[in-house]
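In what follows, a structure is listed as structure tokens, so that the remarks can point back to it.
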Amino acid sequence: MEILIYGLINSVSLALMALGFTLVYGVSRLPNFAHGSLYVTVGFITWLLLNRLGLPYPVAMLISLGLIALVGAATYNFILVRIRGMAISEIIASYAIGLAILEGLRWGGLKGTTLTLPVFAQGSVDILGVTVDFHRLLVILLGALLVGGLWLFVNHTKLGLALKGMAQDERAALTLGIDSDRMAVFSMALGAVMAGLAALVLLPLGNIVVESGYHVLIMAVAVCIVGGLGSWTGAVLAAFIIGFAQILTTAWMGPHFQVVVALLAIIVTLISRPSGLFGRQKELEERV
Amino acid sequence: MEAVMQSRRKERVDRGIKVRTDGVYAVSSWREITYLVAPRLLLIGGLVFLPLMFSAVPYWQKVLSIICIYSLLAISFDFLAHFVGLVSLGGALYIGIGAYTAALLNTHLGLPPILTIPLATILGGGICTLLLWPCLPLRGVYFAIVSLMFPLLAARVIEALDIFGGTDGILGVAGLPNKWVEMYVLLGAVLIILFGLRRLVNEDVGLVFRGVKDNDQAVKASGINIITFKALGVFIASAMGCLGGAMLSHLYMWAGISQFALDFSIIPIAATVVGGGGTLAGPVLGCLLLVPISELLRDFGTLRIAVYAVILCAFIVFKSEGLMVYGSRKYQQFERWVQI
């Protein structure tokens, strides 16, 4: 029972971490390796607004989400757009941006002191003999809301449909009057907001540390690859597979192996089935 | 609107001396010989005399050894990325495996450094190739991501299973006889590998390598097994990295998890981008510039990684050809404005 509940929580957290990454990749074919750093940045900005400026918690969250959307859009608009289409340069440049932000943060603010965000709700509840605190339950709820909201947005709004069109065929979308660069900027901003939302929901459970940026990046990449790059259903499903696998290994073998599970999942998936569970790329394009 | 717009464009023309020395008449005058040999002698002479110049400051001599180790990695990255078409973001794997192999051979079998270093180079290259073998059919982004994961995985496995000394690493590795040996072995290795690889990529094997990079389907259609050639490329590159790792473990008399760290993956890539990819000499130039900067920034802790990342980003976006390509263009060509 414990495994079931904590596995569920872990899976939803993984899905939250991965959604932004898979969104950006799905729309603009851009592996955004700065994803983890955006995640940590949101936590840090919120902490600053909360503790230095004394803003109320919801206001601080909204402002930091707005700021991170700007950061995401700016990285695309000023840096990444110049190397669009050169896959390797994209990876290296976005990874470098992420490193610059993370290591800059480590040097600038996140050294020595431990920063934490307050949880949304205190207290805990017993579910079938397992004690779960309210915040973790909220994580499940918010995760489900977010996935549902994203689905609605993509399938039932004009902007969302434009994004979907871009994801399916960029040239065809262009002929139908969808500005691909603007959409890519928008998807990057949206991806940053998703990373921010994940941070706001998950960071109160732990400390704001630089390492979590790398952790989130690895997890997001793992989930997206196992699920198939750019496929959202695949990402959610893969989040559940990896999430439960991690909890099971923790229960049986010890917490050291948690990350090993994710990395092994990536390697096994890439070797046996590079497109992932729900990948839409053609086999020929990615392997010989 | 009568005035005709005067438009000009910049034209690049090869210098006469370049055209003459390209052909069979290369050795017709001292001037032409100098033109050909000067850049190469500058590099060789510079590398040979650098340790002597810094003999008063042993600290910077140590830095020079580190520069050489990074250069080996950077050359291997450049070779693999621009000549075989495999972008390996995990150079730390090669360093780590080389370091651990050398340390284990030294402490468990008691072999002296003169045996462990070549053995670790060959064995380590073999181990890396075997590890990466299943990933070789992948290409592009997919290979890059897997290779990025390998060093992380290796460090975690060592930590989790508590093998090879666990988090403490392997202590008591024998040191090298003296600092001159360690510097000149490394410098010699860098120079030999640099010029050797430049030869190699122009041989038949190099041609197949580039074929694999540009159009692997065509190579396959010609009846050549591309996996074998990719494996050969990975073996050459990882053996170079392992040589660096083996030297590193003897240099610090220690092998540990930190040799799988991010620095070894990111600095060679930055050096290659700064120096100019596809030139093989460019990465060495990049390392000569970047590693001292990193040493000067050591007081600022991890900020130096941030500085690197910013330099890397700036170069990849604004000057993606790199210093070496820029330099050799200036050396071989002149520019002039022409009316059109």
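The values are calculated or read from the model by the stated rules, or taken from the named source; none is laboratory data. This one's a predicted model, so the numbers in the text were calculated from it and none came from an experiment. Please note: Cβ atoms are built from the backbone with ideal geometry, for glycine as well, and neighbour counts cover all protein chains shown.
Structure notes:
- Failed criterion for A:V42 (all others in (1) at pLDDT 85 or above; (2) surrounded by fewer than 24 Cβ atoms within 10 Å (Cβ to Cβ) hold): (2)
- Residues being in a helix (DSSP H, G or I) and surrounded by fewer than 21 Cβ atoms within 10 Å (Cβ to Cβ) - total across the range B:256-280: 3
- Any hit, the range A:75-93, residues being within 23 Å of A:A222 (Cβ to Cβ) and of a type in the set (D, E): yes
- Annotation for the range B:284-295: at least one member residue is more than 16 Å from the chain's Cα centre (by Cα) and within 14 Å of another protein chain (Cβ to nearest Cβ).
- Counting the residues of the range A:71-90 that are within 17 Å of the chain's Cα centre (by Cα) and among the aliphatic types (A, V, I, L, M) gives 2.
- For A:I97, the conditions (1) in contact (Cβ under 8 Å) with a residue 40 or more places away in the chain; (2) more than 7 Å from every other protein chain (Cβ to nearest Cβ); (3) aliphatic (A, V, I, L, M) all hold with the exception of (2).
- Within the range A:230-258, residues that are free of Cβ contacts under 8 Å to residues at least 12 places away in the same chain and within 14 Å of chain B (Cβ to nearest Cβ) have Cβ atoms under 6 Å from residues that are hydrophobic (A, V, I, L, M, F, W, C) and surrounded by fewer than 22 Cβ atoms within 10 Å (Cβ to Cβ) in these pairs: A:H256/B:A160; A:F257/B:A160, counting only partners at least 6 apart in sequence or on another chain.
- Qualifying residue in the range B:210-221 (condition: under 19 Å from the mean Cα position of the chain (by Cα) and within 14 Å of chain A (Cβ to nearest Cβ)): yes
- The residues on offer are B:L138, B:L161, and the sole one that is under 25 Å from B:I236 (Cα atoms) and either free of Cβ contacts under 8 Å to residues at least 12 places away in the same chain or more than 14 Å from chain A (Cβ to nearest Cβ) (or both) is B:L138.
- Hits in the range B:315-340 - residues which are surrounded by 15 or more Cβ atoms within 10 Å (Cβ to Cβ) and within 9 Å of chain A (Cβ to nearest Cβ): B:I316, B:V317, B:S320
- Residue in the range A:103-152 that is modelled with the highest pLDDT, counting only those that are more than 20 Å from the chain's Cα centre (by Cα), surrounded by 16 or more Cβ atoms within 10 Å (Cβ to Cβ) and within 14 Å of chain B (Cβ to nearest Cβ): A:G104
- Flag: A:I3 matches the condition of being β-branched (V, I, T) and surrounded by fewer than 19 Cβ atoms within 10 Å (Cβ to Cβ).
- Residue within the range A:177-194 that is more than 23 Å from A:A69 (Cα to Cα) and either of a type in the set (G, A, S) or surrounded by 20 or more Cβ atoms within 10 Å (Cβ to Cβ) (or both) present: yes
- Number of the exception - A:L53 against (1) within 14 Å of another protein chain (Cβ to nearest Cβ); (2) of a type in the set (A, V, I, L, M); (3) outside any helix (DSSP H, G or I): (1)
- Filter result (in contact with a Gly (Cβ under 7 Å, 6 or more places away or on another chain) and either without any contact (Cβ under 8 Å) to a residue 24 or more places away in the chain or more than 18 Å from B:D168 (Cβ to Cβ) (or both)) within the range B:251-269: B:F264, B:S265, B:P268
- Subset of the range B:296-314 [in a helix (DSSP H, G or I), within 8 Å of chain A (Cβ to nearest Cβ) and over 24 Å from A:L80 (Cα atoms)]: B:F300
- Per the conditions (1) within 30 Å of B:S222 (Cβ to Cβ); (2) among the small types (G, A, S); (3) without any contact (Cβ under 8 Å) to a residue 60 or more places away in the chain, the sole criterion not satisfied by B:G166 is (1).
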